[in-house]
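Asker: Starting off with a structure, shown below.
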Amino acid sequence: MPYFANTRLVAVDPALPDAAIIWQAADVLRAGGLVAFPTETVYGLGANATDAEAVSRIFSAKQRPASDPVIVHIADPEQLARVAARIPDLAHALAARFWPGALTLVLERGAAIPPNVSAGRATVAVRMPSHPIARALIQAADLPVAAPSANTFSRPSATSAQHVLEDLNGHVDIILDGGSTPIGVESTVLDLTGSTPVVLRPGGVSLEQLAQIIPGIRWQPRYLQTDEDAASPGQMIKHYSPRAPVRLFNGERSAVIEVMKQIARDEIASGRRVGMLLVEQDREAFEDQPLEVVSLGSQEQPEQISASLFAALRELDHRSVDVILARGIGREGLGAAIWDRLVRAAEGRVIEV
């Protein structure tokens, strides 16, 4: 029986997943073990969503508080009835438009899903990933798969198998290495259990896309302390955080850059190693200082920034910086998800300029 004696890292071609490898991983899930696998957003840490004991292993492996629910993944819209109850027509309309894809729906929890999946709530968060490896694994296991991001709790999410190995080696049975994840930030979470749909977390499906189905939809950020109950994953104020403290700056670009330059100089003068999380358009402004710079890509390509964000935070950790400085870059489209992740990485420490 599995359960972490030795974590296996197995390469899988995302274009054509090897059926034998997928079946081995599916066997681990059916036996109550844990499998880390790529989705189009981030790597997930999966367990049989109908097995409370298996789900508890997710929380233990991640050091995740029981008050933070996890998302259930399915491989076909018809499986929605296996995990949710009294599904509204709007859920079916959204699934038809955005599934498979980076949209999670919060619905009434079905009888087959144990309470610990949802932190004891009567709801369940569900999505259908589009990544071929994720879809193949869920189909082979013939189970709904509970899977939060495959990293230690509150750390930057894993967007490569190496990130998973860094955080969870010895705490997961098998890691399916399908390369880097293309979107790089988690799914959008939409709560359909109230009288009005509410976005609980921005992600890979933008508010503008949702507005095509739900006119006027808005995101109202909630930044919870760790001892509060979360209605959705990713609502804690400390989340996606590197080891070094992050200082996030917001305001007009040139003014923000001048403030960041002065703070960087002050930190360097104090003998601290300063990391910079920069878009390409800002790099030239900081070339005159001895900084550890990691590029997020072009400001004109938010999909590039989202894909590189968590890997960039981890890279600055590897460089042993003492503090990380970053600038907010807008909140349209994927920008809302990027801003949200930066705010939580900074534990809410936003410096308005």
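Asker: Taking segment 306-345, which residues are among the basic types (Lys, Arg) and either within 17 Å of Thr188 (Cβ to Cβ) or out of contact with any strand residue (DSSP E or B) (no Cβ under 7 Å at 6 or more places or on another chain) (or both)? Give the steps one after another, and end with the answer.
Answerer: Step one: of segment 306-345, the residues among the basic types (Lys, Arg) are 314, 319, 327, 331, 341, 344.
Listed by number, the residues that qualify are Arg314, Arg331, Arg341, Arg344.
Asker: Determine which member of the set Ala285, Ala345 is crowded, with 20+ Cβ neighbours inside 10 Å and out of contact with any Asp or Glu (no Cβ under 7 Å at 6 or more places or on another chain).
Answerer: Checking each option against the conditions leaves just Ala345.
Asker: Considering only segment 128-162, state which residues are in contact with a Phe, Trp or Tyr (Cβ under 7 Å, 6 or more places away or on another chain) and not small (Gly, Ala, Ser).
Answerer: Correct list: Met128, Ile133, Leu137, Pro156, Thr159.
Asker: Right, next: Quick one: in segment 28-59, which of the residues that are in contact (Cβ under 8 Å) with a residue 40 or more places away in the chain and out of contact with any strand residue (DSSP E or B) (no Cβ under 8 Å at 6 or more places or on another chain) is farthest from Asn169 (Cα to Cα)?
Answerer: Checked segment 28-59; the qualifying residue farthest from Asn169 (Cα to Cα) is Thr50.
Asker: Would you check which residues across segment 296-322 are within 21 Å of His163 (Cα to Cα), surrounded by fewer than 18 Cβ atoms within 10 Å (Cβ to Cβ) and either touching a helix residue (DSSP H, G or I) at 6+ places or on another chain (Cβ under 8 Å) or hydrophobic (A, V, I, L, M, F, W, C) (or both) and list them?
Answerer: Asp322
Asker: Another question, if that's okay. Do we have Gly179 as crowded, with 24+ Cβ neighbours inside 10 Å and in a loop (DSSP other than H, G, I, E, B) here? Outline the logic, then answer.
Answerer: Values: crowded, with 24+ Cβ neighbours inside 10 Å: no; in a loop (DSSP other than H, G, I, E, B): yes.
No.
Asker: From the list Leu90, Leu94, exactly one residue is under 22 Å from the mean Cα position of the chain (by Cα), under 24 Å from Gly333 (Cα atoms) and assigned to a helix (DSSP H, G or I). Which is it?
Answerer: Leu94
Asker: For His171, all conditions in the list (1) buried (at least 23 other Cβ atoms within 10 Å of the Cβ); (2) assigned by TED's automatic domain parsing to the domain that holds Arg127 hold save one; what is the number of the exception?
Answerer: (1)
Asker: Among the candidates Gly33, Gly101, single out the residue that is in contact with a Pro (Cβ under 7 Å, 6 or more places away or on another chain), modelled with pLDDT of 95 or more and assigned to a loop (DSSP other than H, G, I, E, B). Before you say what the answer is, go through the steps one by one.
Answerer: On the way: Gly101 fails: in contact with a Pro (Cβ under 7 Å, 6 or more places away or on another chain).
On inspection, the qualifying residue turns out to be Gly33.
Asker: Among the candidates Gly297, Gly333, Gly348, single out the residue that is modelled with pLDDT of 95 or more and farther than 16 Å from Asn151 by Cβ.
Answerer: That would be Gly297, the only listed residue that is modelled with pLDDT of 95 or more and farther than 16 Å from Asn151 by Cβ.
The values are calculated or read from the model by the stated rules, or taken from the named source; none is laboratory data. Nothing here was measured: the structure is a model prediction, and the numbers come from that model. Neighbour counts are summed over all protein chains in view; Cβ atoms, including those assigned to glycine, are modelled from backbone coordinates with ideal geometry.
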